[in-house]
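The values are calculated or read from the model by the stated rules, or taken from the named source; none is laboratory data. Not measured: the values here are computed from a predicted model. Here the Cβ is made from the backbone with ideal geometry for all residues, glycine too, and neighbour counts use every protein chain on show. Just the protein is used for accessible areas: all its heavy atoms, side chains included, with ligands, DNA and RNA removed. Shrake-Rupley method; radii C 1.70, N 1.55, O 1.52, S 1.80 Å.
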Amino acid sequence: IIAVIFLIVRFLTLMRLRWKLNRMDAERKIMLERSRISRELHDNLGSQLTYMISGLETTDLLLKRNKIDKTALNLEKLQLAARESMQQLRDSIWALNPGKMTLNSLITQYEKWLSRITEPHEQIRSSFVKPDCADFEIDPIIGLNVFRIMQEAVHNALKHAKSTELQSVINCDDTHVYFWFSDNGIGFARTIGDGTGLDSMQQRAESLGAKLKIESEPAKGTQISFSIGKNTLKG
């Protein structure tokens, strides 16, 4: 009887401990998801809305000074920013709830985004070389972070490089997927906190265990590359 009571008590204790562990794990996942949503909205909508608010204040000042030509030009910029914000919202909705994600679906999403983001930049000739490798399912959160690194590499070329050529290449072998981005822009001497988003890319890559390499010199363009293991992508 004592043995039976001991086993029952032990079983109930283990069940209670398992319930606590499951609850702690659920709370941890909720916190991670909240953090992901917060960063997603801040990175992709916060800065754009700040720019639009500043632009509206400038427009108001120009109207008061009766500078119609500059006001019209400023409104055109705000219209473009509003369209970009709407598209970023759609991208964020996809990123926050991508559902099942595979390597091919990630590449397709990037190809659509690349075409759309480079369309207004008529001076830039963009090319994209896609991999010829077997598709496989990847973890949505890890895939999202990879997607953000890819976006930041392109944004850097569009906003800062003053380039006329932009190339994206994705390749793979049996164990890894390789990403490479290159432009023929003005280049730069890398410094910490340079404001080009490269530090954010580095942090994302480190969180994934990916190897990120940034090569650039003034007047010699920029090359950004990183690789990530297929097992890491699968989660």
Q. Expressed as a whole percentage, what fraction of the accessible surface of segment 138-185 belongs to carbon and sulfur atoms when a 1.4 Å probe is rolled over the protein heavy atoms?
A. 49
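Based on the Cβ-Cβ distance from S225 to D25, what FRET efficiency comes out when R0 is 25 Å, to the nearest 0.05? List each step's numbers first, then the result.
Working: r = 35 Å, r/R0 = 1.42.
With a Förster radius of 25 Å, E is 0.10.
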(Q) Counting each pair of different Cα atoms once, what's the Kirkwood radius of segment 130-186 in Å, rounded to one decimal? (A) 12.7
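May I ask you to compute the full-extension gain from S127 to Y51, defined as 0.36 nm times their residue separation minus their alpha-carbon distance, rounded to one decimal in nm?
Details: separation 76, 0.36 × 76 = 27.36 nm, distance 2.94 nm.
Stretched fully, the S127-Y51 segment lengthens by 24.4 nm.
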Q) Mind checking which lysines have their C-alpha under 17 Å from K100, skipping anything on the same chain fewer than 8 residues away? A) K230, K234
Q: Report the accessible area of H155, computed with a 1.4 Å probe over the heavy atoms of all protein chains in place, in Å² rounded to the nearest 10.
A: 40
Q.
Need one value: the accessible area of K230 in square angstrom, 1.4 angstrom probe, rounded to the nearest 10.
A. 30
Q. Between E217 and D69, what is the label-to-label distance in nm when each label sits 7 Å out along the Cα-to-Cβ direction?
A. 4.3
Q | Amide H contacts of F136 (H built 1.01 Å from N, under 5 Å, at least 5 apart or other chain) | A | L103, N104
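How much accessible area per residue does segment 108-153 have, counting only protein heavy atoms and a probe of 1.4 Å, in square angstrom?
Details: 2380 Å² over 46 residues.
The answer is 52 Å² per residue.
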Q.
Show me the chymotrypsin sites (Phe, Trp or Tyr not before Pro) within segment 101-179 that DSSP assigns to loop and that have at most 13 other Cβ atoms within 10 Å of their Cβ.
A. F136
